[in-house]
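Read the structure below first, then the notes.
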Ligand code: KG4
Ligand code: ZN
């Protein structure tokens, strides 16, 4: 079964063709990151307009890379939420137009569910029940997955999402946008010498990262962290601060994920979302977990359409086909 996946929930216009929910025949992504970097963050109106420009060429590229004709496809899976309304509309309306023109069935995919399904695109099939940590720009969710499409959200962020915290910390440290890769890169040259406070929220699987970000801001404002100091000076450098921040966030993510996985006696831990491309997070989770850990390939952690097609495959298998009245739900939740 060949599915065309379409993803436009945020700032990446993406299309992919996936066979049987596991085999990537093509995976095309047009990133808008350079455009939004000028503004230090995503400008929703700009994002929608860029999606309109990129969507048709990126679908054509995905079809060409997969050497697929419209007749080869069995269905279309498109992200319907959560995300930016104007961005989601471009993907959903394009998908509906193709479905109508080519007589193909269509299914609407939850973007977060898509992130989980990136784990089915590797060489190893995940086993249920499992716990998945979804850490992206908008979410830090710990999800118990009992079977395909069967989710219980165990915990979520109470304030900033993990990726959002990385983005804000990078801005505080003058490291640019997007913040996750910038912090990770800067941290390589530093040591985690600052012991930043962790919000454990004991007895829950919820997260909170606004405190650690605020502490970092206070230290910079008080001149305890010097953004211009070089390595070897008396002052704490931006690299040390980046390493300390990364350490604090990852410590909480790893500890709480393993705790939840043990409590629920699951067979596997999965990582998903843009922050899951962080090397330290991946390594720490694998090193510390007594339960096998599965992580998607780097390019499948950040937004892409292959994960949407993989998820769509399981929805089609379950008979979950949408009508042409399929609409976007910007605040769509999991479960
Ligand atoms: O999943 P994603 O591509 O888009 C959303 O659905 O939000 O995640 C983007 C987020 C951004 O906040 C970005 O800073 C963060 O993931 N991110 C990282 C890394 N790469 C991307 N955070 C930490 N370390 C990274 N290497
Ligand atoms: Zn995402």
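The values are calculated or read from the model by the stated rules, or taken from the named source; none is laboratory data. Values in this document were obtained by computation on a predicted structure and should not be read as measured data. Cβ coordinates were reconstructed from backbone atoms using ideal geometry, including for glycine residues, and neighbour counts include every protein chain displayed.
Here are a few things to note about the model shown:
- Filter result for the condition that a residue is out of contact with any helix residue (DSSP H, G or I) (no Cβ under 8 Å at 6 or more places or on another chain) and either outside the structural domain of residue 155 (by TED's automatic domain parsing) or crowded, with 24+ Cβ neighbours inside 10 Å (or both), over 241, 261, 248: 261
- Evaluated against (1) buried (at least 24 other Cβ atoms within 10 Å of the Cβ); (2) within 16 Å of ligand 1 (Cβ to nearest atom), residue 107 falls short on exactly one condition, (2).
- Among the candidates 149, 137, 176, residue that is at pLDDT below 95, over 24 Å from residue 307 (Cα atoms) and assigned by TED's automatic domain parsing to the domain that holds residue 276: 176
- Tally, over the stretch 124-152, of residues that are assigned to a strand (DSSP E or B), away from ligand 2 (no atom under 15 Å from the Cβ) and surrounded by 17 or more Cβ atoms within 10 Å (Cβ to Cβ): 6
- When every residue of the stretch 287-298 is checked against the conditions, at least one turns out to be farther than 29 Å from residue 28 by Cα, in a helix (DSSP H, G or I) and more than 8 Å from ligand 1 (Cβ to nearest atom).
- Residue 61 meets each of the listed conditions (1) surrounded by fewer than 20 Cβ atoms within 10 Å (Cβ to Cβ); (2) in a strand (DSSP E or B); (3) in contact (Cβ under 8 Å) with a residue 40 or more places away in the chain apart from (2).
- Residue 198 assigned by TED's automatic domain parsing to the domain that holds residue 240, surrounded by fewer than 23 Cβ atoms within 10 Å (Cβ to Cβ) and within 16 Å of the chain's Cα centre (by Cα): no
- So residue 6, is it assigned to a helix (DSSP H, G or I) and in contact (Cβ under 8 Å) with a residue 12 or more places away in the chain: no
- Only one of the listed residues (46, 33) is surrounded by fewer than 20 Cβ atoms within 10 Å (Cβ to Cβ), under 20 Å from residue 178 (Cβ atoms) and away from ligand 2 (no atom under 16 Å from the Cβ). That residue is 46.
- The residue that is farthest from ligand 2 (Cβ to nearest atom), among those in the stretch 286-305 that are more than 26 Å from residue 109 (Cα to Cα) and in contact (Cβ under 8 Å) with a residue 12 or more places away in the chain, is 290.
- The set of residues in the stretch 264-285 being closer than 14 Å to residue 145 by Cα and away from ligand 2 (no atom under 15 Å from the Cβ) consists of 264, 265, 266, 267, 268, 269.
- Residue check for residue 269: touching a helix residue (DSSP H, G or I) at 6+ places or on another chain (Cβ under 6 Å), touching a residue at least 12 places away in the same chain (Cβ under 8 Å), crowded, with 21+ Cβ neighbours inside 10 Å and not in a helix (DSSP H, G or I): yes
- Single residue of the stretch 164-186 satisfying the filter (more than 9 Å from ligand 1 (Cβ to nearest atom) and touching a helix residue (DSSP H, G or I) at 6+ places or on another chain (Cβ under 6 Å)) that is nearest to residue 139 (Cα to Cα): 168
- Residue count for the stretch 194-221, restricted to those that are farther than 26 Å from residue 131 by Cα, assigned to a helix (DSSP H, G or I), touching a residue at least 24 places away in the same chain (Cβ under 8 Å) and out of contact with any strand residue (DSSP E or B) (no Cβ under 9 Å at 6 or more places or on another chain): 2
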